[in-house]
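The values are calculated or read from the model by the stated rules, or taken from the named source; none is laboratory data. Just so we're clear, the structure is a prediction, and the values are computed from it rather than from any experiment. Cβ placement follows ideal geometry from the backbone for every residue including glycine, while neighbour counts extend to all protein chains displayed.
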Amino acid sequence: MKNQYIPRLAVIKEVKDETSDVKTFKISLKDGRSLRYSPGQFVELTVFGYGEFPACFSSSPLSQRDYFEVTVRRVGDATNAIHGLSAGSIIGVRGPFGNGFSLRMLKRKDVLIVGGGVGLAPLRGLIYYLLEKRGDYGELKLLYGARTPDDIVFKDEMVDWDMDVLLTVDRAGKGWIGNIGVVTILFRDTEIKPDNTVAVICGPLIMISAVSAELLKRDFSEDQIIVSLERMMKCGTGMCGHCNIGAKYVCKDGPVFTYRETMEFLEAAF
Ligand SMILES: Cc1cc2nc3c(=O)[nH]c(=O)nc-3n(C[C@H](O)[C@H](O)[C@H](O)COP(=O)(O)OP(=O)(O)OC[C@H]3O[C@@H](n4cnc5c(N)ncnc54)[C@H](O)[C@@H]3O)c2cc1C
Ligand code: FES
């Protein structure tokens, strides 16, 4: 039986700078096999000598079978270490872990995607999946907020996404003529109707909380709001208890939950 605590060796194929502190890594397993995963799931990545950290897939599993992508913001030991690696470096990969987005639930629905900061990473995997199966989904819309214009991730590819994309920044820089303010201000600029819509949110907890409140005000039900949560993790498999909130393990029961599910452990999470 495969031991899920032993990382598989993988090769970094390409590294792309997204912003000053975010990079996207294209990764292939060293044995040439493809990793089967769903949008919203995550892997545990080992940078040997530095540590391990969870990262969601930022690629879609449909079009890219010989590699996968993760998009990582450097915040500490392991993420700084992976930022120092280049194409050809060997890392460890465990997973995929977690439930991922319920693609069946999104079928035939309009999908409102709301992202904050590097929270757009797992949503990018979902966006490519939905765009590749465009006929199975209704209207697609992205509302995205970043700290400054320089912190907007996937800037160059967003223009090619066949969907409404609305952006805002907390602080404008020179030359920015777009929206300024937190992501919820974008609700003013676009029609958001609950009929046949599912909202998918990923970003800091405070943003998830504010966006969910706006949606509930607009008559979305708790089951029409899907959130992807982050929590300190170690094992990724529901064994160590690090990611536990209330009765749930974010690594195993999540990281994707309906808002209704999070209400059970909301006080602990927010
Ligand atoms: C399911 C899941 C998916 C994730 N996906 C992504 C992703 O796609 N891209 C991305 O950039 N980041 C993602 N993260 C966050 C990422 O795992 C952390 O930033 C990383 O673990 C930090 O490791 P480090 O060794 O660099 O930091 P450390 O040196 O361990 O810590 C540095 C700082 O980061 C904070 N931190 C550590 N772990 C986490 C964590 N799990 N969540 C939030 N803050 C943390 C610490 O509190 C500390 O302030 C995800 C986290 C989870 C749980
Ligand atoms: S990370 Fe160990 S139980 Fe979730």
Name every residue in region 50-67 that is more than 6 Å from ligand 1 (Cβ to nearest atom), under 16 Å from the mean Cα position of the chain (by Cα) and among the hydrophobic types (A, V, I, L, M, F, W, C), in order of residue number. Phe57
Taking into account only those residues within region 42-62 that are part of a loop (DSSP other than H, G, I, E, B) and in contact with a strand residue (DSSP E or B) (Cβ under 6 Å, 6 or more places away or on another chain), which is farthest from ligand 2 (Cβ to nearest atom)? Ser59
Which condition number does Gly76 fail, the rest of (1) within 15 Å of ligand 1 (Cβ to nearest atom); (2) closer than 30 Å to Lys133 by Cβ being met? (2)
Being surrounded by fewer than 16 Cβ atoms within 10 Å (Cβ to Cβ) and of a type outside the set (Val, Ile, Thr) is the filter; apply it to region 65-84 and report the residue that is modelled with the lowest pLDDT. Arg65
Mind checking which pairs have a first residue in region 34-63 that is farther than 26 Å from Val114 by Cα and without any contact (Cβ under 8 Å) to a residue 40 or more places away in the chain and a second that is assigned to a loop (DSSP other than H, G, I, E, B) and more than 9 Å from ligand 1 (Cβ to nearest atom), Cβ under 7 Å, 6 or more apart or different chains? Ser34/Arg65; Ser34/Asp66
Options Val22, Val11, Val15: the member that is among the aliphatic types (A, V, I, L, M), touching a strand residue (DSSP E or B) at 6+ places or on another chain (Cβ under 6 Å) and crowded, with 21+ Cβ neighbours inside 10 Å: Val22
Kindly check whether there is at least one residue in region 99-108 that is crowded, with 18+ Cβ neighbours inside 10 Å, more than 16 Å from ligand 1 (Cβ to nearest atom) and either more than 16 Å from Glu230 (Cα to Cα) or free of Cβ contacts under 8 Å to residues at least 40 places away in the same chain (or both). yes
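This table checks each residue for (1) under 26 Å from Gln4 (Cβ atoms); (2) among the hydrophobic types (A, V, I, L, M, F, W, C).
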position	(1), (2)
Gly178	no, no
Val198	no, yes
Lys217	no, no
Met239	yes, yes
Cys243	yes, yes
Met263	no, yes
Yes/no for Val165 being in contact with a Leu (Cβ under 8 Å, 6 or more places away or on another chain) and either at pLDDT 95 or above or not assigned by TED's automatic domain parsing to the domain that holds Asn196 (or both): yes
Selected residue (criterion: farthest from Arg73 (Cα to Cα)) from residues of region 12-30 that are assigned to a loop (DSSP other than H, G, I, E, B) and either in contact with a Lys or Arg (Cβ under 6 Å, 6 or more places away or on another chain) or among the charged types (D, E, K, R) (or both): Lys30
Val70 fails exactly one of (1) near ligand 1 (Cβ under 8 Å from one of its atoms); (2) β-branched (Val, Ile, Thr); (3) over 14 Å from the mean Cα position of the chain (by Cα), namely (3)
